[in-house]
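**Q** Below is a structure I'd like to ask you about.
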Amino acid sequence: MPLRPAKLREMFPLELPITYCYEFSEEHNPKNLTEVLQPPIILQDPNPATLFVNLNCIVKNGKASSILWLTKGEALGNQSMYHLSQDNRTLRIDTESHEACQQYTCVIRNNVSENRNSRLLILEGMMLLHEFTLVSSTIAIVSSTTSYAAAIFILFFALATYRVHKRHVQLTAAFVFSQLIAFISVLVASLLCLLDPVYPIVYKVIEGIGFTFIAAMIVYMLFLYLQPESQLKRSFLIKKVHRNFFLVYGFLAVVISVIPICNAQYSIHLCQLPSSHISGTIALSVVIYVFIIGMGFITFVKYMRSWTKVRRLSHLSLR
């Protein structure tokens with residue numbers, strides 16, 4: 001006669017654990033299950049003693065079967081500028097010819113998932129160079145534009161109104177001074193553009209040509225102005241050929257000063273720098289420049305108003 005469950009409990013009061021047994025196939029074996037990957041962590045490891053920066057891709061959970069680095073949508077490998085570790089977890093970047101800001105993406109994969117994360121690499125030294133280029137280019141535009149306006153005023157109004165040798169000497173000095181300020185501002189902006197390693201070669205060629213022409217223009221203008229006989233002759237600005245020459249060069253100075261702004265603005269936008277950070281610096285620089293130059297211009301115009309207008313030029317030969 002079989003024993004009933006109640007009778008069995010009376011005979012064996014201890015409750016024994018019940019073991020459930022299941023048969024696992026190979027594909028359901030927990031050892032072969034792969035955890036879904038979460039977005040990795042990218043840590044930057046700068047080394048101040050060298051020109052290299054390391055980006056480390058850290059997998060937070062699970063195990064990645066492959067790691068891939070991307071920038072601008074292209075996969076990175078061992079190149080002149082980049083070097084990957086054996087497991088691809090560390091990307092070593094040569095910053096000598098690196099852009100001011102560039103985004104890098106680490107992609108991790110396993111059998112069941114894929115995830116990624118990105119980091120914007122910002123080089124402070126390069127960022128400052130872009131900021132200086134943008135500020136100097138803005139100052140160069142303002143300077144070359146105001147100088148060009150002053151040149152037109154002197155060449156087409158002042159020289160014809162005040163036909164006295166002494167006044168022509170003073171107007172010529174004012175013309176040379178305003179042109180020198182503009183040309184030097186353009187030279188500084190062009191030089192910063194040439195020193196920036198990430199500027200396209202087309203920009204560098206244009207700025208190099210402009211730098212050479214502007215430097216030659218400064219030498220030529222000073223040569224005309226500082227001639228030993230300058231006080232005995234009419235101003236070199238009276239000659240039509242000189243007028244046209246300086247007008248063309250003044251226009252070129254305006255054009256050349258615009259070129260570096262395009263790439264500098266793009267780089268700053270790429271670096272996600274708040275506009276208020278750089279616009280305040282630009283506005284302050286422009287205000288200071290306009291105030292100093294404007295005060296000098298107002299003082300000179302006020303001094304000009306005391307001059308006597310003479311219809312005929314005395315003791316000077318027309319050329």
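**Q** Round to a whole angstrom and tell me the spacing of the C-alpha centers of segment 49-102 and segment 149-170.
**A** Cα centroid to Cα centroid, the span is 63 Å.
**Q** Figure the gain on full extension for THR299 and ASN244 (residue separation times 0.36 nm, minus the Cα-Cα span) and round it to one decimal in nm.
**A** On the way: separation 55, 0.36 × 55 = 19.80 nm, distance 2.74 nm.
That pair, THR299 and ASN244, stretches by 17.1 nm at full extension.
**Q** Regarding segment 126-304, what is the average projected area of its C-alpha convex hull, in nm²?
**A** Values: hull surface 42.6 nm².
So the mean shadow area of the Cα hull is 10.6 nm².
**Q** I need the peptides 137-144, 72-79 ranked by packing, meaning the mean over residues of other C-beta atoms within 10 angstrom, with the highest value on top. Walk me through the numbers on the way to the answer.
**A** On the way: 137-144: 24.9, 72-79: 10.1.
Output ranking for 137-144, 72-79: 137-144, 72-79.
**Q** Residue-wise, which Karplus ³J(HN,Hα) couplings in Hz belong to segment 257-262, taking 6.51 cos²θ - 1.76 cosθ + 1.60, θ = phi - 60°, and x for glycine or proline?
**A** Once θ is set to phi - 60°, the couplings for segment 257-262 become 6, 7, 4, x, 5, 4 Hz.
**Q** What percent do you get for the relative contact order of segment 35-122 when only Cα pairs under 8 Å and 6+ apart count?
**A** Once divided by the residue count of segment 35-122, the mean separation gives 34 percent.
**Q** From the phi angles alone, apply the Karplus equation (6.51, -1.76, 1.60; θ = phi - 60°) to segment 206-213 and give each ³J(HN,Hα) in whole Hz, x where the residue is Gly or Pro.
**A** 4, 5, x, 5, x, 4, 5, 5
**Q** Please give the peptides 236-245, 252-261, 297-306 ranked by average Cβ packing (other Cβ atoms within 10 Å per residue), highest first, as a rough proxy for protection.
**A** Values: 236-245: 15.1, 252-261: 20.8, 297-306: 11.2.
Ranked from most to least packed, the peptides come out as 252-261, 236-245, 297-306.
**Q** Moving to a separate point now. Along the Cα→Cβ direction, 7 angstrom out, place labels at THR308 and THR212. What is the inter-label distance in nm?
**A** Between THR308 and THR212, the simple spin-label model gives 5.1 nm.
Every number here is computed from the coordinates shown, using simple stated rules; none is lab data. Note that the structure is a prediction, hence the values are computed from the model and not measured. Here Cβ is always computed from backbone atoms with ideal geometry, including for glycine, and neighbour counts include all displayed protein chains.
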